[in-house]
Amino acid sequence: MICIKCMQPVDSLYTVYSNDHIQLTDCPFCQEIVDKYVEIDNVLLFIDLLLLKPGAYRHLVFNSLELHLAKYPKGKTLKNCQSLYDHIQVLISNVKNWFCKFDRLNRLWLLLLSFEIYLTWVTEESKYIYYMNRNNNDGKLIMLSKKLPETFKWDSTTMRNTITSKVFTWSPPMQYLYFASYCILDVSLFHSLTRRFILKKLHWEQNFVYSKDIISYTILLSYGAKIFPILMLIWPYDTLISMSIIKWVANFYIIESLKIVTKLSYWSIIKVFITVSFLRYCLVKPVLILFVAHFNFSIIKNLICQEFMLLLQKSGTYLLL
Ligand SMILES: [Zn+2]
C-alpha cells in the first residue's frame, strides 16, 4: 500500500476502533491523508478517473488492487510435482485461482473488447464508404493533383483491392469474426508489449510486488477511454474527424495514466507508446492478410502492395491539405 499523494509505502490505510469508528491514516512523509478514496463512493471515483486525477488512479491500481489480490493465495510451483497427475492437479488449481483472482478485471476486458470490436467495425465501414465515394473531382483534390506525384494522387480503385474491401464482401458473421480477431490481436499486443517495455526496458519491475498487475490494471482503466465514441453513435456526431479526435484523446489518457502510476518521464512513456504503436501497425494487419489470402503468396503480395499504395495516397492528401 502507498500514500496516493507522495507514493511512499505505508502499513495501513485506516484504523478501525472498537466502536466501529474508522480513522484514515495520515502519511508520515507528506502529512496528508494516505488515501482519501477509501471513503469516497464509486460514482465520484469514476468522475475523478475521467478527470485524470492522480489520486483516483493510484487508489485503484495500488491500494485497491493489492487489498484484493492479497485475499488469494499465490500460484503453486510445478517444481515439487513428482508425477503427471500432480502436475495436472497443480495446473488446474492455478487456473481456477487465476480465474477467481482476476474475475472482475477479465469481465472488464471482455466488455471493453466487445465495444472495441463494434466500434472498429463501424469505423472501418464508414471509412470504406467514404474512400470509395471520394473522387478526383473534389475541389481540394483537383488543386492538389498538380502538386502531387502520381503515386500520391487519390485513386479510389486502390480501395477496391484492399483487405477491407475483401472483408466487406463476406457475410456479417464472418465480418464480425475478422474484426474480433483484429481487435483481440491488437489489444493483446498493445497490452503485453507496453507492460513488457515498462517493466523490463524501463526497469520498473523491482519497484512493487504486484508491478505486473499494476501496469495491466492501469492499461485497462485508461483503455476505457477508447470506448467514448460509443456515445457518439447515440448522438449524430459519428463523423470520421470526430472519431479520430476521440482516438487521440484516448491515446492521451493512456500516456497520462501510465505517467501518473509509474512516475516515469513523459518522454520515456511516449517512446514506449510510439514503439508499441509501430509494432502493432507492422504486425496485426500482415498477420490477418496471411489468413485472408489463405497463405497464397501472390495474393499476399498484391494485398500488401495495395495497402501500401492506399497509405501513400491517404498520407499524401492529408499532409498537403
Ligand atoms: Zn504521503
**Report entry** The listed residue being modelled with pLDDT under 90, in a helix (DSSP H, G or I) and surrounded by fewer than 19 Cβ atoms within 10 Å (Cβ to Cβ), out of Gln175, Gln206
**Finding:** Gln206
Query - Hits in the stretch 28-68 - residues which are surrounded by fewer than 19 Cβ atoms within 10 Å (Cβ to Cβ), within 14 Å of the ligand (Cβ to nearest atom) and in contact (Cβ under 8 Å) with a residue 40 or more places away in the chain - result: Pro54
Query raised in the report: Among (1) within 16 Å of the ligand (Cβ to nearest atom); (2) in contact (Cβ under 8 Å) with a residue 40 or more places away in the chain, which single condition is Cys3 missing?
Result: (2)
Report summary line: Among Ser192, Ser181, Ser165, Ser188, the single one that is within 17 Å of Thr262 (Cα to Cα), assigned by TED's automatic domain parsing to the domain that holds Glu116 and either among the hydroxyl-bearing types (Ser, Thr, Tyr) or exposed (fewer than 13 other Cβ atoms within 10 Å of the Cβ) (or both) is Ser192
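The values are calculated or read from the model by the stated rules, or taken from the named source; none is laboratory data. Source: prediction; values computed, not measured. Here Cβ is always computed from backbone atoms with ideal geometry, including for glycine, and neighbour counts include all displayed protein chains.
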